[in-house]
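Take a look at the structure below.
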Amino acid sequence: GAPVNNPVTKDRFYFLTKTSAIPIPIIKGLPMYNHGNYIVRLGKLVGWLGEQAEAAGVEMYPATA
């Protein structure tokens, strides 16, 4: 039920200079390799987590620190 709908399909990393962008190869096993992961909108995830917490009986007080 979590809002994770967009799988990662392509990774691209570049080393940026003042005048150009140099592509960096992504090797499987490095932290930058994201295949099999999902892109998540943080606002939707936090909203979903809030609903889950309220359903579990947690008292939520929005707009407080």
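The values are calculated or read from the model by the stated rules, or taken from the named source; none is laboratory data. Being a predicted model, the structure only gives us computed values, none of them experimental. Cβ atoms come from the backbone with ideal geometry, glycine included; neighbour counts cover every protein chain shown. Surface accessibility is based on the protein's heavy atoms, side chains included, excluding ligands, DNA and RNA. Shrake-Rupley method; radii C 1.70, N 1.55, O 1.52, S 1.80 Å.
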Wrap a convex hull around the Cα atoms of the chain, take a quarter of its surface area, and give that in square nanometres.
7.8 nm²
What does the net charge come to around residue 26 if you take all other residues with beta carbon closer than 12 Å to its beta carbon, with K and R at +1 and D and E at -1?
+2
Pairing the Cα long axis of helix 42-55 with the longest principal axis of the chain, what angle in degrees results, from 0 to 90 and rounded to the nearest 10?
30 degrees
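Counting only protein heavy atoms and using a 1.4 Å probe, what share of the accessible area of the chain belongs to carbon plus sulfur, as a whole percent?
On the way: 3480 of 5820 Å².
Of the solvent-accessible surface of the chain, carbon and sulfur hold 60 percent.
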If Lys and Arg each add +1 and Asp and Glu each add -1, what is the summed charge of the other residues whose beta carbon sits under 10 Å from the beta carbon of residue 60?
-3
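Assign unit charges at the C-beta atoms only (+1 for Lys and Arg, -1 for Asp and Glu), then state the dipole size of the chain relative to its Cα centre in Debye, rounded to the nearest 20. Before the final figure, lay out the partial values.
On the way: 6 positive and 4 negative charges, 112 e Å.
Computed about the Cα centre, the dipole is about 540 debye.
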Considering only 20, 5, 46, whose Cα is most displaced toward the positive end of the charge dipole of the chain, charges sitting on Cβ of Lys, Arg (+1) and Asp, Glu (-1)?
20
I want to check the label-to-label distance for residue 64 and residue 51. Put each point 7 Å from Cα in the C-beta direction and report it in nm to one decimal.
2.4 nm
For residue 28, list the lysines whose Cα falls under 20 Å from its own Cα; do not include residues on the same chain fewer than 8 positions away.
10
Paramagnetic reach from residue 41 in region 1-18 [backbone N under 17 Å; point 7 Å along Cα→Cβ]:
1-8
